[in-house]
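The values are calculated or read from the model by the stated rules, or taken from the named source; none is laboratory data. Here the structure is a predicted model, which is why all the values come from computation and not from measurement. Because the Cβ atoms are built from the backbone with ideal geometry, glycine has one as well, and the counts that use them run over all protein chains shown.
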């Protein structure tokens with residue numbers, strides 16, 4: 001990105017527009033004087049570009065700023081309502097959907113139970129139904145992009161607007177063009193990340209990590225994964241698969257297999273059957289099964305077995321986190337996911353004990369370890385943030401700013417054409433057979 | 001304690017939380033003693049104080065808080081006005097109250113006034129909904145709500161019996177951005193698409209209550225084969241009943257909440273065929289217990305939910321007693337008797 005000196009190439013207009021838009025959008029500079037100083041562009045150029053962007057509907061003139069002698073300057077504001085972002089976080093047993101503005105601020109959200117193994121067609125239909133409803137009923141502006149969080153690692157696409165296959169580990173999802181179909185349905189670009197990566201971004205943007213540039217987020221659910229923001233940037237890894245800490249060894253076993261929600265439920269079930277946990281025995285009698293939610297509730301009520309079980313789970317997770325803590329030196333570790341939501345204080349105490357014991361004193365001196373307060377909303381906020389960062393990255397922005405909307409970015413339009421052709425081909429040979 | 005028509009909790013919380021059932025929130029003897037010793041003061045901020053729902057909600061809050069020697073020092077009626085609510089919350093943030101129980105009107109516009117309250121050191125317990133962007137722990141202690149998703153599903157299943165194969169059903173929706181009515185409508189649509197995909201759904205919205213009757217008529221006019229209507233709560237449902245009756249039309253309706261008018265209409269075997277009812281007294285009582293737990297520094301779940309109760313014409317009297325904690329009015333009892341005699 002060019003930040004110093006005047007642009008000299010043929011795309012000078014595009015690059016100065018992009019630079020100014022991002023300065024205003026991030027509120028780094030909002031008055032003409034500040035914009036001239038930060039962009040190192042001349043007064044006439046700044047004035048011309050601002051007029052262009054007001055005409056394109058991307059900026060508006062806002063309130064008066066602080067006067068520094070003479071007239072108070074008029075502040076420029078980004079039109080965060082010029083479009084909207086559709087976001088969804090899909091998990092094994094639930095889906096979350098929302099609409100955000102162009103700053104990534106959530107405007108409305110909805111969560112409901114859903115089963116991933118119902119297959120991609122059913123999930124796609126449900127997403128589309130609710131997105132349509134939310135857009136229409138809550139009168140939100142037309143979408144500019146979709147952000148999607150999915151369980152499991154998501155590969156990096158080859159190009160900005162490229163798509164990748166998702167959830168290939170599940171048989172019913174294999175070969176299904178999920179991202180392409182959703183992108184085509186709304187005619188907008190789509191960006192996908194793993195659930196834990198979007199949750200990490202959500203925590204950094206609106207949760208406990210607000211304002212911090214180095215955080216680790218750990219999702220303790222049926223599997224155990226982690227996300228990392230280092231020096232303000234999400235770390236995705238070479239293939240996009242960073243954070244699979246559930247694969248670390250604990251003795252002869254994998255961490256995910258001994259400290260995940262299923263393992264805890266199994267242990268709880270055993271304790272209910274042989275009477276080690278009186279509370280869980282009652283739960284079993286009443287419900288016929290024991291879940292990690294029951295274990296958390298039992299621990300809160302002082303059931304010794306459950307307090308001990310969650311403490312042990314916490315220590316195992318903490319032991320896997322300690323080397324990372326030494327390597328990364330985070331300011332904050334956020335613990336989320338079903339086990340954390342249910343687990344409460346005993347779990348957190350176990351994690352703290354192991355991490356603090358095994359970390360360098362300087363690393364642990366100001367380190368905070370907290371439970372997520374955002375729940376599944378973290379995934380939605382993070383997915384919106386992913387779309388914002390992608391659409392407004394300097395290079396992508398230069399490709400569309402002259403048109404006023406990313407939907408007219410030439411690369412995206414070419415991509416859309418490509419999906420249409422591929423999907424048409426896929427539909428053609430099977431055709432409609434007699435029922 | 002659960003009766004035969006109690007529903008389980010179908011929906012997820014405002015941040016996708018799994019519900020903790022309200023009856024699991026109980027204070028132990030020693031918690032109760034601590035609470036009594038500290039004599040907490042609590043203010044309540046409601047959208048209105050004149051509806052049946054509000055009166056019962058307040059009764060549940062006041063009785064339970066009183067039981068633990070906590071005083072309700074102020075009740076604010078916001079009269080559905082966002083500005084009034086913001087002003088009330090801003091004023092309360094400077095008053096020496098320990099906690100506030102509030103029902104946020106609207107979504108984003110009231111968020112920061114609620115946030116400021118928590119920042120002033122007050123415990124905040126929300127009824128029904130958390131405005132988008134507000135977080136449990138940081139911005140509020142807990143949301144105590146009826147399972148609105150379950151209410152919507154229940155209304156769909158009760159209406160379904162009145163819609164013939166390949167028929168049409170209408171949704172009388174609320175044109176304001178409001179979480180509880182959104183959830184009911186989404187759930188109604190979901191149930192229909194899963195269990196009755198043959199039904200065509202149409203929808204009209206009203207932004208003002210007085211427009212609800214007109215919206216129902218518009219729906220009937222546009223869709224001649226309309227066989228049933230779901231109204232997102234009882235007051236617009238009764239507006240629809242009156243408008244349709246004036247027009248000489250009889251359309252089966254299901255709705256949420258057993259207001260007096262709706263109960264009477266059901267007892268008469270009129271247009272209202274089923275109700276998914278909230279239990280406002282129990283919700284108020286649960287909100288009071290959550291508030292006390294939070295004030296004592298106990299960990300409270302971010303989403304506490306109560307299942308609704310399905311009400312049909314045959315058990316309207318018993319349901320009335322469960323929901324309103326009082327006997328059904330004589331006119332309702334007489335109507336049920338009269339229709340039973342006729343049927344026999």
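Couple of notes before you dig in:
- Considering (1) away from chain B (no Cβ under 14 Å); (2) touching a residue at least 24 places away in the same chain (Cβ under 8 Å), the lone condition that residue A:203 does not fulfil carries the number (1).
- Candidate set from the range B:244-261 (those that are buried (at least 21 other Cβ atoms within 10 Å of the Cβ) and either within 14 Å of another protein chain (Cβ to nearest Cβ) or at pLDDT 95 or above (or both)); member that is nearest to residue B:150 (Cα to Cα): B:256
- Within the set B:159, B:172, B:89, the sole residue that is surrounded by 21 or more Cβ atoms within 10 Å (Cβ to Cβ) and assigned by TED's automatic domain parsing to the domain that holds residue B:299 turns out to be B:89.
For (1) surrounded by fewer than 21 Cβ atoms within 10 Å (Cβ to Cβ); (2) touching a strand residue (DSSP E or B) at 6+ places or on another chain (Cβ under 8 Å), each residue gets a yes or a no:
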position	(1), (2)
A:61	yes, yes
A:64	yes, yes
A:70	yes, no
A:76	no, yes
A:84	no, yes
A:88	no, yes
A:92	yes, no
A:95	no, yes
A:100	no, yes
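- Members of the range A:99-142 that are in a loop (DSSP other than H, G, I, E, B) and either touching a helix residue (DSSP H, G or I) at 6+ places or on another chain (Cβ under 9 Å) or more than 11 Å from every other protein chain (Cβ to nearest Cβ) (or both): A:101, A:102, A:103, A:104, A:105, A:114, A:115, A:119, A:138, A:140, A:141, A:142
- Selection count, the range B:275-295, where residues are surrounded by fewer than 24 Cβ atoms within 10 Å (Cβ to Cβ) and under 21 Å from residue B:236 (Cβ atoms): 0
- Subset of the range B:172-189 [at the interface with chain A (Cβ under 10 Å from one of its Cβ atoms) and part of a strand (DSSP E or B)]: B:173, B:174
- Pick from the range B:122-146, criterion away from chain A (no Cβ under 12 Å) and within 14 Å of the chain's Cα centre (by Cα), ranking: modelled with the lowest pLDDT: B:128
- Those residues of the range B:319-333 which are loosely packed, with under 14 Cβ neighbours inside 10 Å and outside any loop (DSSP other than H, G, I, E, B), in sequence order: B:321, B:330, B:331
- Filter pass, residue B:169 being under 22 Å from residue B:310 (Cα atoms), modelled with pLDDT of 95 or more and within 11 Å of chain A (Cβ to nearest Cβ): no
- Among the helices (runs of 4 or more DSSP H) confined to the range B:1-115, the ones with at least 2 residues that are more than 14 Å from every other protein chain (Cβ to nearest Cβ), within 30 Å of residue A:372 (Cβ to Cβ) and in contact (Cβ under 8 Å) with a residue 12 or more places away in the chain are located at B:29-38, B:82-93.
- Yes/no for residue A:363 being touching a residue at least 12 places away in the same chain (Cβ under 8 Å) and within 26 Å of residue A:111 (Cα to Cα): no
- Test: residue B:264 is surrounded by fewer than 24 Cβ atoms within 10 Å (Cβ to Cβ), out of contact with any strand residue (DSSP E or B) (no Cβ under 6 Å at 6 or more places or on another chain) and assigned to a helix (DSSP H, G or I): yes
- Residues satisfying the stated conditions in the range A:25-43, i.e. touching a helix residue (DSSP H, G or I) at 6+ places or on another chain (Cβ under 7 Å) and buried (at least 19 other Cβ atoms within 10 Å of the Cβ): A:29, A:30, A:35, A:39, A:41
- Subset of the range B:213-243 [closer than 16 Å to residue B:270 by Cα, surrounded by fewer than 22 Cβ atoms within 10 Å (Cβ to Cβ) and at pLDDT below 95]: B:235
- Hey, residue A:64 within 13 Å of chain B (Cβ to nearest Cβ) and modelled with pLDDT under 95 or not: no
- Among the residues of the range B:190-243, those identified as in contact with a helix residue (DSSP H, G or I) (Cβ under 7 Å, 6 or more places away or on another chain), assigned to a strand (DSSP E or B) and within 14 Å of chain A (Cβ to nearest Cβ) are B:201, B:202, B:204, B:205, B:206.
- Residue that is surrounded by 20 or more Cβ atoms within 10 Å (Cβ to Cβ) and outside the structural domain of residue A:241 (by TED's automatic domain parsing), where the choices are A:152, A:145, A:119: A:145
- The lone criterion from (1) under 21 Å from residue A:94 (Cα atoms); (2) part of a helix (DSSP H, G or I); (3) at pLDDT 95 or above left unmet by residue A:218 is number (2).
- When each of A:355, A:334, A:339 is tested for being in contact (Cβ under 8 Å) with a residue 12 or more places away in the chain, in a helix (DSSP H, G or I), under 22 Å from residue B:15 (Cβ atoms) and touching a strand residue (DSSP E or B) at 6+ places or on another chain (Cβ under 7 Å), the lone residue that passes is A:339.
- In the range A:291-308, the residues that are touching a helix residue (DSSP H, G or I) at 6+ places or on another chain (Cβ under 6 Å), farther than 20 Å from residue A:93 by Cα and part of a helix (DSSP H, G or I): A:298, A:299, A:300, A:305, A:306, A:307
- Hits in the range A:365-377 - residues which are crowded, with 24+ Cβ neighbours inside 10 Å and at the interface with another protein chain (Cβ under 8 Å from one of its Cβ atoms): A:374, A:375, A:376, A:377
- Within the range A:66-98, tally of residues that are under 24 Å from residue A:193 (Cα atoms) and touching a helix residue (DSSP H, G or I) at 6+ places or on another chain (Cβ under 6 Å): 9
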